[in-house]
Amino acid sequence: MSSIIFLLSLTNKSISEIAYEVGYAATTTLVRAFKLAEKITPKLFRDKNFYRK
């Protein structure tokens with residue numbers, strides 16, 4: 001999950017590109033896993049810019 005957080009925080013890659021890069025076959029699978037772990041969707045995470053200083 002840390003690699004997804006890193007890519008969401010520090011790159012402009014799409015969620016689909018990130019899903020593929022970290023090994024998810026489908027974007028929806030990444031979204032479900034991320035939401036389960038972080039209690040927020042990847043898009044909202046990026047929009048709110050958590051973890052950025």
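Quick check on the range 38-50: of everything there that is of a type outside the set (Asp, Glu) and within 14 Å of residue 6 (Cβ to Cβ), which residue is modelled with the lowest pLDDT?
50
Looking across the range 1-38, the residues that are of a type in the set (Ser, Thr, Tyr) and either touching a residue at least 24 places away in the same chain (Cβ under 8 Å) or in contact with a helix residue (DSSP H, G or I) (Cβ under 9 Å, 6 or more places away or on another chain) (or both) come down to 3, 9, 11, 14, 16, 20, 24, 27, 28, 29. Can residue 18 be described as in a loop (DSSP other than H, G, I, E, B) and under 11 Å from the mean Cα position of the chain (by Cα)? Here the answer is no, as residue 18 does not meet what is asked. Scanning the range 23-53 for residues that are in a helix (DSSP H, G or I) and surrounded by fewer than 14 Cβ atoms within 10 Å (Cβ to Cβ) returns 28, 29, 32, 36, 37, 43, 44, 47, 48.
The values are calculated or read from the model by the stated rules, or taken from the named source; none is laboratory data. Keep in mind the model is a prediction, meaning the values are calculated, not measured. A quick note on method: Cβ atoms are made from the backbone with ideal geometry, for glycine too, and the neighbour counts reach across all protein chains shown.
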